[in-house]
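Trainee: Take this structure first; my questions come after.
The values are calculated or read from the model by the stated rules, or taken from the named source; none is laboratory data. As the structure is a computational prediction, the values presented were derived from the model and not from experiment. Note that each Cβ is placed from the backbone with ideal geometry, even for glycine, and that neighbours are counted across all protein chains shown. Heads up: the accessible areas ignore ligands, DNA and RNA and are worked out on the full protein's heavy atoms, side chains in. Shrake-Rupley method; radii C 1.70, N 1.55, O 1.52, S 1.80 Å.
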Amino acid sequence: MESWSQAQIFYNGDDYFHSLTQDIRQARRSVTIESYIFAEDKLTKTILAELKNARERGCTVKLVVDGFGSYTSIPFLDRFCTENGLELRVFHPLPYPLLWAHQFVLKYSVRGSLLFRRVNRRTHRKITIIDETRAYLGSLNFTQVHCASFVGENAWRDTGVWVEGEPVKRLVLAFQISYLRTFMKGLLSWVGRWKLNEDPAKEVLRLNTTQRLRRKLYRDLLRRLTHARSRVYLTTAYFLPRRSLLRALMKASRRGVDVQLLIPGKSDVPLVKWAAFYIVRFLLQRRIPIFEYQKSILHAKTMIIDDEVFIGSFNLNHRSFIHDLEVEAILNDHASLHSMLTQWQTDVSHSNAVSEKDFAAPSWLTRILYKIAFRLRYML
């Protein structure tokens, strides 16, 4: 199995973006960013200023942002990038209610038909690659909500990591494919998919660029849960798993594996929490410990399975399994494991253990709302 040469984990936005900004300042050849959300706020204006400086030093600077996640900030990004020589692409753009939007959409997609045909396919990755040698990834979008220096104690709890090593080359290729897909289709997409036809069981960088890879990644996750020996600690912001994953968790628990789940007490998407109501209650009835994080909004997407650490943008929901482009790194060194286990205990200390009483039968009106939300789980 391949491995990373170096890695460093971050558990808050301040440390993560400080390190990322420092690396942008030291970049000599290229800076590439792919993000679901790239907001217009104090944090991103600082980062954009550093990207402008990098471009003036002669670096190639490319940004790919999602047409839905970054919808409100795309006009601002378009103006800034055009004025400062940065290359911006929009992944599956959506229409704007203004006349100029038609020209704008065509600027970033030769075929504007993407507007509705692929509206449900998004890039949910959060990637920054510096000089094609160091890659930042995880679940931190480019927005100040992750940073206590901007929003105080309401800063979201999140996890990111930078990694170095041979697998970064495949991440560079994955970014290039996303970048080119914003204006070229057909043969280019086919070739890119062929090159990324990897074996998830042997890779420490996990990408779901094709339906075939999505199936292989999911089967590999089920295999890892089936063969887990000591622990399975899952931290997820949006918990809407398939039945097969629930069965794998319950079987692991019955074998004596320490299975625990950490989910948000406060959610930025309440509809997801409503949809997960009956799933959480089902697991509680099977005596699987579940904790709700209370300190702030929990947005991290991590797993600890035995001695391996998983950090990425994958949620345990249908969007990640079926629709969105995601990325995940596996860390198998002792330092990363120790760090993640320590953070797990810290997160649990800021959480409430959920009991069946907390998920007692709701009122008839609430049940209707929860059932409607559950029916929409494939879109959440």
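Trainee: Restricting to region 25-51, count the residues that are under 20 Å from LEU173 (Cα atoms), among the β-branched types (Val, Ile, Thr) and open to solvent by less than 10 Å² (accessible area, probe 1.4 Å).
Mentor: 2
Trainee: Condition first: more than 21 Å from VAL64 (Cα to Cα) and of a type in the set (Gly, Ala, Ser). Now tell me which residues in region 1-41 satisfy that.
Mentor: SER3, SER5, ALA7
Trainee: If the requirement is being surrounded by fewer than 19 Cβ atoms within 10 Å (Cβ to Cβ) and touching a Ser or Thr at 6+ places or on another chain (Cβ under 6 Å), which of these qualifies: ASP333, ASP306, ASP268?
Mentor: ASP306
Trainee: Identify all residues within region 78-128 that are at pLDDT below 60, in a helix (DSSP H, G or I) and exposed (fewer than 13 other Cβ atoms within 10 Å of the Cβ); write none if there are none.
Mentor: Once the filter is applied, which keeps residues that are at pLDDT below 60, in a helix (DSSP H, G or I) and exposed (fewer than 13 other Cβ atoms within 10 Å of the Cβ), region 78-128 yields HIS102, GLN103, PHE116, ARG117.
Trainee: Within region 299-321, identify whether any single residue is among the small types (Gly, Ala, Ser) and at pLDDT below 95, and answer yes or no.
Mentor: yes
Trainee: Take region 261-304 and flag every residue that is basic (Lys, Arg) and assigned to a helix (DSSP H, G or I).
Mentor: If the condition is that a residue be basic (Lys, Arg) and assigned to a helix (DSSP H, G or I), then LYS273, ARG281 are the ones that fit.
Trainee: Hey, could you check region 2-17 for residues that are part of a helix (DSSP H, G or I) and open to solvent by 40 Å² or more (accessible area, probe 1.4 Å) and say which is nearest to MET340 (Cα to Cα)?
Mentor: ASP15
Trainee: Is it true that ILE322 is in a helix (DSSP H, G or I), open to solvent by 10 Å² or more (accessible area, probe 1.4 Å), over 18 Å from ALA248 (Cα atoms) and touching a Lys or Arg at 6+ places or on another chain (Cβ under 8 Å)?
Mentor: Spelling it out, ILE322 is indeed in a helix (DSSP H, G or I), open to solvent by 10 Å² or more (accessible area, probe 1.4 Å), over 18 Å from ALA248 (Cα atoms) and touching a Lys or Arg at 6+ places or on another chain (Cβ under 8 Å).
Trainee: Tell me the helices (runs of 4 or more DSSP H) entirely within region 129-223 that contain at least 2 residues that are more than 18 Å from the chain's Cα centre (by Cα) and at pLDDT below 90.
Mentor: Answer list for region 129-223: 168-181, 187-195.
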